[in-house]
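The values are calculated or read from the model by the stated rules, or taken from the named source; none is laboratory data. Owing to the predicted nature of the structure, the values given are computational and were not obtained by experimental measurement. Positions of Cβ are generated from backbone atoms using ideal geometry, with glycine treated the same way; all protein chains shown enter the neighbour counts.
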Amino acid sequence: MKNFLKERIGITPGELKNKIDEKIPAALARHFFFALGGIPMICFFIQVVTGLILALYYMNYSGELVNGLSATYISVQNITYEFPVLNYIRGIHQLGANIMIVSIFMHILRVFFTEAYRKPRELTWVCGMLLFFTTLGLGFTGYALVGDQLSYWATQVGANIAGATPVVGSFIREVLLGGTEINLYTMPRFFVLHILVLPVALMMLMLAHILIVRQHGVSYTGADANSEKKYYNFIPYHIFVEGVIAFVLLGVIVIVVHYFPPTLGEPANPFVTPEHIKPEWYFFPMFHFLKLVPFQVGILATMGVFAVITLWSLVQTIMEMIVPYKIVRVIAFTCGTILMIVCMVFTVLEALA
Amino acid sequence: MKKKLPKTSGISGITRRGFCRWALLGFGLGVSAGVMGAMASQLLKALMPSGWFNESYIYRKVYATPISEIEKQGTSIVFEDKANHRKAILINNGGKIQAFSLVCTHLGCQVFWETEQNQFLCPCHNAVFAADGSVKKGPPERSLEQYPVSVENGLVYISFKEPMWQPEQYFKKEEL
């Protein structure tokens, strides 16, 4: 058998194992906070499977089908209330997305405050931030597909925010909406973005992220980092650990979905904006910030912050060449803490508004 | 008669054969770039059937209401035609009949007309517009879009500004 594979694909299972095996610091198994990167990936697999099933029943024609309801809305209604198991699938998909974003947040915070992004791991950070924004894009396009009031108005507001980008704004908006306003060809675009373009981008970024992480080894900077030099193997132990996490996560998600099944709001009405329109919670900080400052200022400031966060690892490397590391460290921690607190305060204010 | 080029002349030396090879390669690259460009432009065209960067809006005159309904100063009527995505508010501002779009100029939410306060309120970011459409409070930078109004034989018409390209017509298979 070994020879059979060796002759045909040029590698035996044993050699393959040695190739992809990796030494993981033993401390990771005990310090959960240092192993958060795996959860978004597990969530992504959950999203792919549940998303595939949902896509079999979803229709992206937003024109009227019957009684003034769109095909989109009716299909989501059927998924939510009519067919067996599908409301669980939708619930898992919805909650999985939220858990994915929460775990990415926590992963980012851990990496930032343990400075794991420092040289030579700058590109891992950049790649990770791009992964984060792609995930937010998936959240936004997914929310737009539901076809109820909140979904419609979130699309409208989101497209207009994208449209306010200097220079290329109107171009992005037109490509996104398939015209100057939301029309029949808007839904298919969001659908294709959500199920094809963004997931493929996410997979490629994920691959790059993991390859770079493996290149430099997992960064562990816990208190016992220097004293402890024990490692365990990626195969089979780490895969087993991730498997256990996946099962526990899935179990928790199913239980939560059982007690809080997904619901569907009023059908989209382009003529009435609901009194309390809000985006998904992870857009609260940006949404609230836009309430406080003039529009263009808000857009430019948000993009500036995004750009700086994405390139922060490189910015810090350059700063370290000029300023002593101790000072850079203080600057990084201060900026990070301020941004985190501002985001949290804005989220709370928006939630209470 | 042409001077025969030496076969090679150091690092920068070019043989006739080498020159031909590079020229052919350059020509080939140029042609492929042109073909690729043409194909890319067609892909961009396919991405936007309504056309890029053209005048994409048109005014369509629509009958709204008899003048008697809006003759009194301060009255307002919301005109709504769901099938054709048309909605506007008619307001008699001191004898002058004006029509406004109800789309907030900030992020495109629908504003409400508050009769008692005589103002428009946007629920998204709490923007307030005065009865003449101007910004009173909040993040918008432009006044509400005003539609031209005409009165003919006692009937009020609103000229709606609409996207020229309406995909519905391709589903209904009829002219707008």
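Computed quantities for the displayed model
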item	result
Residues located in region A:268-278, provided they are surrounded by fewer than 20 Cβ atoms within 10 Å (Cβ to Cβ) and not basic (Lys, Arg)	A:269, A:270, A:271, A:272, A:274, A:275, A:276
Set B:109, B:104, B:122: member being more than 21 Å from the chain's Cα centre (by Cα), within 14 Å of chain A (Cβ to nearest Cβ) and under 28 Å from residue A:290 (Cβ atoms)	B:122
Residue satisfying all of: in region B:122-140; surrounded by fewer than 18 Cβ atoms within 10 Å (Cβ to Cβ) and touching a Gly at 6+ places or on another chain (Cβ under 9 Å); nearest to residue A:152 (Cα to Cα) among these	B:126
Scope region A:142-157; condition over 11 Å from residue B:109 (Cα atoms) and either at the interface with another protein chain (Cβ under 10 Å from one of its Cβ atoms) or hydroxyl-bearing (Ser, Thr, Tyr) (or both); matching residues	A:143, A:151
Hey, residue B:70 more than 13 Å from chain A (Cβ to nearest Cβ), touching a helix residue (DSSP H, G or I) at 6+ places or on another chain (Cβ under 7 Å) and not aromatic (Phe, Trp, Tyr) or not	no
Residues (modelled with pLDDT of 90 or more and out of contact with any Ser or Thr (no Cβ under 8 Å at 6 or more places or on another chain)) located in region A:202-222	A:203, A:204, A:206, A:207, A:208, A:210, A:211
Answer from B:126, B:118, B:92 - the residue that is in contact with a helix residue (DSSP H, G or I) (Cβ under 9 Å, 6 or more places away or on another chain) and on the phi > 0 side of the Ramachandran plot	B:126
Any hit, region B:76-92, residues being within 20 Å of the chain's Cα centre (by Cα), within 25 Å of residue A:152 (Cβ to Cβ) and more than 10 Å from chain A (Cβ to nearest Cβ)	yes
Some residue of region B:142-161 being surrounded by fewer than 20 Cβ atoms within 10 Å (Cβ to Cβ), within 11 Å of another protein chain (Cβ to nearest Cβ) and not charged (D, E, K, R)	no
Residue check for residue A:211: in a helix (DSSP H, G or I), in contact (Cβ under 8 Å) with a residue 24 or more places away in the chain, of a type in the set (A, V, I, L, M) and away from chain B (no Cβ under 14 Å)	no
Number of the exception - residue B:60 against (1) at pLDDT below 90; (2) part of a loop (DSSP other than H, G, I, E, B)	(2)
Where a residue in region A:173-191 is more than 18 Å from residue A:140 (Cβ to Cβ) and its partner, wherever it lies, is outside any helix (DSSP H, G or I) and among the aliphatic types (A, V, I, L, M), with Cβ under 9 Å and at least six apart	A:179/B:48; A:180/B:164
Count - residues of region B:144-176 that are part of a loop (DSSP other than H, G, I, E, B) and touching a Leu at 6+ places or on another chain (Cβ under 8 Å)	3
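Yes or no, residue by residue, for (1) at pLDDT 85 or above; (2) within 14 Å of another protein chain (Cβ to nearest Cβ):
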site: A:176; (1), (2): yes, yes
site: A:196; (1), (2): yes, no
site: A:200; (1), (2): yes, no
site: A:232; (1), (2): no, no
site: A:242; (1), (2): yes, no
